[in-house]
Each structure stands twice: as C-alpha cells, then as structure tokens.
Amino acid sequence: MSGRLVVVSNRVPLPNERGPRAGGLAVALADALGPGSLWFGWSGRRTARAGATSATLAESDGIAYATIDLSETEYRLFYAGFSNRVLWPLLHFRLGLVQYRSDEYHAYRVVNRRFAEALAPLLRPDDLVWVHDYHLFPLGEELRARGIGNRIGFFLHTPFVPPEVLRALPRAEQILASLCAYDVVGFHTEQFRAGFLRSTHEILGLTPDEGGGVTMGGRRAQTIVDPIGIDAEGFAAAAEQSWRGSEVRRLRASLAGRALAIGVDRLDYSKGLVQRLDGFARLLARYPEHHQRVSFLQVAARSREDVSEYQDLRIELDRMVGDTIGQYSQFDWVPVRYMTRPLRRGTLAGFYRAAAMGVVTPLRDGMNLVAKEYVAAQNPEDPGVLILSRFAGAAAELTEALIVNPYDPEEIADAMHSALTMRLEERQARHRALREQVWTGTARRFSERFLAALQATDGSA
Ligand code: GDG
C-alpha cells in the first residue's frame, strides 16, 4: 500500500487508557492499524469551554495518535444528542426513540467541521483516509471544503435503513449528500448497501451506475459490501489460554456441572436484552427439566449512561433479572447471573469457551462481533451452540447458527431448549461451518478489502 493509513473515528482509545472497553469498532480497528499509521479523533476528554482546533499528538508502538477534546456542550449536543438520540435509533429502525433538535444537528455539523480543521493540517498528499461511523457522516465533505483531494473512504458500522425510514430524519438530504463526498462508502451487508442506493435514488434523485457507484457534483462514490470480522486465530488462542486460567476455573467450579449460557453486549436497547431475558424465563417456564441444570450469565457493560433511554433500560433489566431470580431460584441455584461491569477481554474469551450456548439476539445490529467471538472461542471437539438474531448483520454469514426472531421470546426459549439438548454430531457440524466463515472473514480481510477498494478509486475525480 502506498501512502500512510489515517483512520478517523469519533473516539480514539489512547494507548495509556486502562481497563477493558466494550465496543466493536475499537476492537476491530486495533487489528487494522499497523506501525506508521495515524489514528485521529476525540480523546474522550470533556472540557468546560470549546477546545483548541489543533490536535494533541502521542505515539505508541509506531502508531501516531492525534486527538482533540470536546467541550461539555459539544458532547451533550453532538454526541449524546444528534449522534445517539437521532442517528443511532434511526439507523436501528427505532423511529419512536428519535428526538430531533435543530441545535443538536447544528452542533453535529460544527464538531465535524472542527474535526476537519484539526485533521487537514496533519494530512500528507498520498495518505489514505478512512473515516468510521455515523458520528462523522459529514467529515469527508468538510475535508473536501478545505481542499483535501486525498482518497477518503467511509465505513458504516451500524445498519443502513431504507428510504421509507430515512425520510423521517429532518436532515436526510444533507446527510446523504455528505456521504457522496467520499470515494468509497462501505457497509456490512448487501441489504444495507441497497438501502443506501435506494435512498440516494429516491431522496437525491441519483441513479446508481453499473459498478455500484453514485455520482454527485462530478465526484463518484463507490459503494462496497465489506463485512467486518475478528482476529479469529488470536481470539481462539486467547480462549484456550484463558480456559486454563483461574477465572474460568472459578466460573466452572461455581457452576457445579451445570451448563452455562452466555450473553455479552453493551447495555443498549438495540441488543434485545429485555426479550432475551424474557426468552430465558420462558425456557424455565416451558421446560422445567432445565431447572438446576443451566445458568445464564449476561454481561451487559454500561454504555451511554447520560442518554435517558439507556438509564430506563437499565432499570427495566434490573427489574426483570430480579423477577426471574425471585421466581425460579432455589437455595443452591440462581438461574441468571447479571453484571454491568466489563470483563477483561481474555477472561471473556475463556467464558465463551465455557458456555454451552451463546445467545446473541439484537433487535438490529450492523454486524455483531460477539457472535463471531463466541464461534472462535469454542473447542471444536465439543462446541457450544450459537443462537443468533436474524436482524444482526452476522446472520447473513453465520447461517448455521440457530437463527431466531429476537422479538419472539417463545422462539428464543425453543431455540435455547434445542441448543441445550443438541447432539454432539450436530453441534460439531454446525460449528465447522460457522468456524469456516469466521476464519475466512477476519478483521484483517475486512480492512484489506476496504483499503484495496479505496486505493482502486482515482481519488481526485
Ligand atoms: C458496533 C455495531 C458492529 C462487550 N462487553 C465486553 C466487551 N465487549 C466487546 C465484545 C465485542 C464488542 O465489545 C462489541 O461489539 P459488537 O459488534 O457486538 O457491538 P457494538 O459495540 O454495538 O459495535 C456492531 C461493530 O460496531 C463493528 O462494526 O458489529 O453491529 O453496533 O468485541 O467482545 N469486551 C470486554 N469486556 C466486556 O464486558 N473486554
């Protein structure tokens, strides 16, 4: 690859930050960034007044980090506001949760402008710029306005919606037009790309060309489907190592021979946690043979706690977990274990391996990396069973999972019963097929495919 890779994401996890993080983007990009590359974005710091326009620089393992701070007001309006109270619910088909305010949209544009002002002076002419996710839709357009002619690509980690849904967004036209300023726009699935192309057609009047590109103002944006993956080999090795460690030993001792079911998610309403817990309660109601035989561990790392819908969800989950525990526990068996503190990544890998069933039932998800991690962590000789929502991007690839409608707790309960009673040969056969998928579509493959597509564009068109 000629030229330096410059990755831009809303939040840059700085090398000196401590503690485990829950979030798919940071995990996947850690695999993509090599020595010589630059990672640009928000530091995670909030200041009383608007920050400086120049970035703060740091370096670690040959990777340069350039960050800016956000003011409290910018954080509230741009991040908690337009990004997470409008775009996030909209892109997850939750129109009822969208709360649009024009001052928040304005702040969203201003912060993207500030990102562009701080990034532009750091760019070299042959850098490949790769922008990530919905917080930064307008960044490419802002960079172009500052005369940046580099190849700039954009990848969306969430789903993309069809025009019927997108039209609910008061600024849909501007957002769509700003995406056309990129050279490449990538999505996890064909369905998301089709939603984008239909939207640009119906809302902007652009007709896609045969190669899947759209041209606006003389600039062509190539769309691609590029499903994200994980470092399968590395994750499998971490799971095996952790399996022998003290935390997995303690977990298994605490199970006393019972089966473990596991769910791991950011505490987010898109992840279907309410329906999932309901599904588990129905398993216990419909199939009493599982009483005393299974424990469900749900790790739901707290996320976006200053958005009120997330606080409401937490209260709801506390209540549901309490109900199920109260109703079904016996003095020596608690059916649900629930924690909102994140686990270390290695520990998580070992816990997946210890689990006879992985439950991944988002109501909508761009991809869902937990599904892939669960598969990678299994022992191929005695693998667990993956239950997967049909509305996760991962369902397009992981077709040998037990695919469920996440809105139907009874279907989830039945799938859990099937998973817990599945014969070894069927578990092995399903796992072989899933493993093949996870080992083929890795994080490395994801970034190679994206950067090859970006490199192949003629940039200054
Ligand atoms: C977005 C899209 C898309 C979770 N809890 C803990 C923990 N995690 C890690 C998981 C996984 C990551 O966080 C979550 O990734 P997901 O893909 O499941 O979901 P989002 O955060 O919503 O990510 C998603 C992704 O971007 C990538 O494009 O797949 O659809 O929404 O890696 O393991 N990690 C640790 N402790 C935890 O408690 N260490």
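The values are calculated or read from the model by the stated rules, or taken from the named source; none is laboratory data. Note that the structure is predicted; figures quoted are calculated from it, not measured. Here the Cβ is made from the backbone with ideal geometry for all residues, glycine too, and neighbour counts use every protein chain on show. The area values use the complete protein model at the heavy-atom level, side chains included, leaving out ligands, DNA and RNA. Shrake-Rupley method; radii C 1.70, N 1.55, O 1.52, S 1.80 Å.
Descriptive notes on the structure:
- Any hit, the stretch 163-172, residues being in contact with a strand residue (DSSP E or B) (Cβ under 6 Å, 6 or more places away or on another chain) and either assigned to a strand (DSSP E or B) or open to solvent by 10 Å² or more (accessible area, probe 1.4 Å) (or both): no
- Among the residues of the stretch 392-402, those that are closer than 21 Å to A443 by Cα, surrounded by fewer than 24 Cβ atoms within 10 Å (Cβ to Cβ) and not hydroxyl-bearing (S, T, Y) comprise A395, A396, E397, E400.
- One residue from G81, G140, G153 being part of a strand (DSSP E or B), open to solvent by less than 10 Å² (accessible area, probe 1.4 Å) and either farther than 27 Å from A456 by Cβ or touching a helix residue (DSSP H, G or I) at 6+ places or on another chain (Cβ under 9 Å) (or both): G153
- For the stretch 262-279, a residue qualifies if it is within 16 Å of the ligand (Cβ to nearest atom) and more than 17 Å from R94 (Cα to Cα), and the qualifying residues are I262, G263, V264, D265, R266, R276.
- Members of the stretch 121-137 that are within 19 Å of G186 (Cα to Cα) and open to solvent by 10 Å² or more (accessible area, probe 1.4 Å): D133, H135
- When R167, R193 are screened for being modelled with pLDDT of 95 or more, among the charged types (D, E, K, R), away from the ligand (no atom under 16 Å from the Cβ) and farther than 26 Å from L38 by Cα, only R167 passes.
- Taking the criterion of being closer than 20 Å to D312 by Cβ and either over 21 Å from the mean Cα position of the chain (by Cα) or not assigned by TED's automatic domain parsing to the domain that holds S71 (or both), the residues of the stretch 82-116 that qualify are G96, Q99, Y100, R101, E104.
- Only listed residue being in the same structural domain as A371 (by TED's automatic domain parsing) and surrounded by fewer than 16 Cβ atoms within 10 Å (Cβ to Cβ), chosen from E240, E202: E240
- Among the residues of the stretch 301-313, the ones that are open to solvent by less than 80 Å² (accessible area, probe 1.4 Å), more than 21 Å from R282 (Cα to Cα) and assigned to a helix (DSSP H, G or I) come to 3 in all.
- Which listed residue is open to solvent by 10 Å² or more (accessible area, probe 1.4 Å) and either touching a strand residue (DSSP E or B) at 6+ places or on another chain (Cβ under 8 Å) or under 30 Å from I224 (Cα atoms) (or both), from R423, R445: R445
- Hey, P288 within 14 Å of the ligand (Cβ to nearest atom), open to solvent by 40 Å² or more (accessible area, probe 1.4 Å) and either closer than 22 Å to A371 by Cα or modelled with pLDDT of 95 or more (or both) or not: no
- Of all residues in the stretch 155-189, those satisfying the criterion of being in contact (Cβ under 8 Å) with a residue 40 or more places away in the chain, within 21 Å of the chain's Cα centre (by Cα) and over 23 Å from E142 (Cα atoms) are P159, V161, V165, H188, T189.
- Residue within the stretch 193-215 that is under 23 Å from the mean Cα position of the chain (by Cα) and either within 17 Å of G140 (Cα to Cα) or among the aromatic types (F, W, Y) (or both) present: yes
- Filtering the stretch 27-66 to residues that are within 16 Å of the ligand (Cβ to nearest atom), open to solvent by less than 30 Å² (accessible area, probe 1.4 Å) and at pLDDT below 80 leaves A28, L29, A32.
- Subset of the stretch 334-376 [assigned to a loop (DSSP other than H, G, I, E, B), within 11 Å of the ligand (Cβ to nearest atom) and at negative phi]: T340, R341, P342, L343, R344, P362, R364, G366, M367
- In the stretch 207-228, residue least open to solvent (accessible area, probe 1.4 Å) [restricted to those that are assigned to a loop (DSSP other than H, G, I, E, B) and more than 13 Å from T189 (Cβ to Cβ)]: G212
- The stretch 243-284, subset open to solvent by 50 Å² or more (accessible area, probe 1.4 Å) and not in a helix (DSSP H, G or I), residue farthest from I387 (Cα to Cα): R244
- Filter result for E316 (within 16 Å of the ligand (Cβ to nearest atom), in contact (Cβ under 8 Å) with a residue 12 or more places away in the chain and either touching a Phe, Trp or Tyr at 6+ places or on another chain (Cβ under 7 Å) or not in a loop (DSSP other than H, G, I, E, B) (or both)): no
- Among residues of the stretch 377-405 that are closer than 10 Å to A415 by Cα and in a strand (DSSP E or B), those with a Cβ under 9 angstrom from a residue that is within 15 Å of the ligand (Cβ to nearest atom) and open to solvent by 60 Å² or more (accessible area, probe 1.4 Å), sequence gap 6+ or separate chain, pair up as I403/R390; V404/R390.
- In this entry, R151 passes the filter for residues that are under 28 Å from D127 (Cα atoms), touching an Asp or Glu at 6+ places or on another chain (Cβ under 6 Å) and not acidic (D, E).
- The residues on offer are R430, R449, and the sole one that is more than 29 Å from W130 (Cα to Cα) and of a type in the set (D, E, K, R) is R430.
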